[in-house]
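Read-outs throughout are calculated quantities, based only on the coordinates presented, and are distinct from any laboratory measurement. Just so we're clear, the structure is a prediction, and the values are computed from it rather than from any experiment. Ideal geometry is used to build each Cβ from the backbone, glycine not excepted, and the neighbour counts take in all protein chains shown.
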Amino acid sequence: MATDRTRRRTWTIGATVSVILVVLYLSGGVISGLRTAANIVTSPFTWTVNEIARPIGHMFAGAINYSDVVSQNQKLRAELGRAEFKANEAWAENRQLEQLSTQLDVPFVGSLPTVTAQVSALSPTNFAATVDISKGGDSGVMVGMPVVANGGLVGIVTATTPHGATVRLISDVKSLIGVTFGSGNTSIVVSGQGVNNGLGATSVPLTSSVRAGTVLSTNGLDGGLYPPGLPVAKVSKVTLTPGAATYNLSLHPLADLRNLFYLDVVLWEPST
């Protein structure tokens with residue numbers, strides 16, 4: 001009996017080994033079969049490690065590339081702002097064509113050279129609104145030059161160094177801008193109301209056709225601080241005080257003064 005049991009055990013072991021060898025052969029050989037078996041055993045652990053490591057790798061890659069994304073986004077904003085400015089400028093120039101055609105040697109803004117500068121510091125308060133930029137006297141930037149970005153006039157250069165300058169924003173309470181609209185027959189003065197209060201204008205004649213949505217641009221009059229045709233603001237509200245002979249205007253700057261990254265300094269002086 002023991003001999004028969006031993007024979008059966010030996011036969012079973014032999015058959016099992018034969019089956020394993022056949023499987024290994026069909027799988028591409030012993031080595032390949034062992035690899036297949038190892039893959040079957042380790043694949044769940046490999047999948048788990050990959051699923052954990054992948055988001056961690058993405059997180060570190062994202063952290064490393066974040067500054068590049070921010071920089072590219074700022075440059076894209078600047079390009080979009082320039083495109084919007086050109087569109088607003090073209091509209092203003094067309095509306096003022098009749099007036100401008102009677103003036104000789106008055107430069108159109110589109111033909112004026114500009115210097116692009118990056119904003120290096122912001123100093124906005126309700127009483128003073130200025131920004132510092134990365135270009136100055138060595139780049140041709142001078143006090144009194146207008147600055148544009150993000151679809152409209154941003155401000156004017158008030159101080160320079162060889163490699164930098166300070167720009168007073170149009171929302172500053174000291175800012176005064178001569179503007180016109182429509183056919184250019186009416187000129188008014190726009191004043192800054194503080195960073196959070198937009199712009200305003202008073203003493204607008206009742207005979208003018210100004211209304212909500214009207215775009216105002218610099219009038220370019222002799223002795224003015226700005227060349228003609230720079231888009232400045234859009235009328236958001238027209239107020240008539242009972243008994244008064246003029247309108248008061250609430251205005252929204254065309255330039256996005258809250259997102260200033262790159263500015264264009266217009267190389268123009270009032271005397272030119």
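Just a few scattered comments:
- Hits in the stretch 188-197 - residues which are surrounded by fewer than 18 Cβ atoms within 10 Å (Cβ to Cβ) and in contact (Cβ under 8 Å) with a residue 24 or more places away in the chain: 194, 196, 197
- Residues that are of a type in the set (S, T, N, Q) and out of contact with any Lys or Arg (no Cβ under 6 Å at 6 or more places or on another chain) number at least 2 in the following strands (runs of 3 or more DSSP E) confined to the stretch 229-272: 231-240, 246-253.
- All told, residue 229 meets the bar of being in contact (Cβ under 8 Å) with a residue 12 or more places away in the chain and either surrounded by 18 or more Cβ atoms within 10 Å (Cβ to Cβ) or within 21 Å of residue 147 (Cβ to Cβ) (or both).
- Selection count, the stretch 160-203, where residues are of a type outside the set (A, V, I, L, M), in contact with a strand residue (DSSP E or B) (Cβ under 6 Å, 6 or more places away or on another chain), under 18 Å from residue 146 (Cβ atoms) and assigned to a loop (DSSP other than H, G, I, E, B): 3
- Test set (1) touching a residue at least 12 places away in the same chain (Cβ under 8 Å); (2) under 26 Å from residue 196 (Cα atoms); (3) of a type in the set (D, E, K, R) - residue 258 fails condition number: (1)
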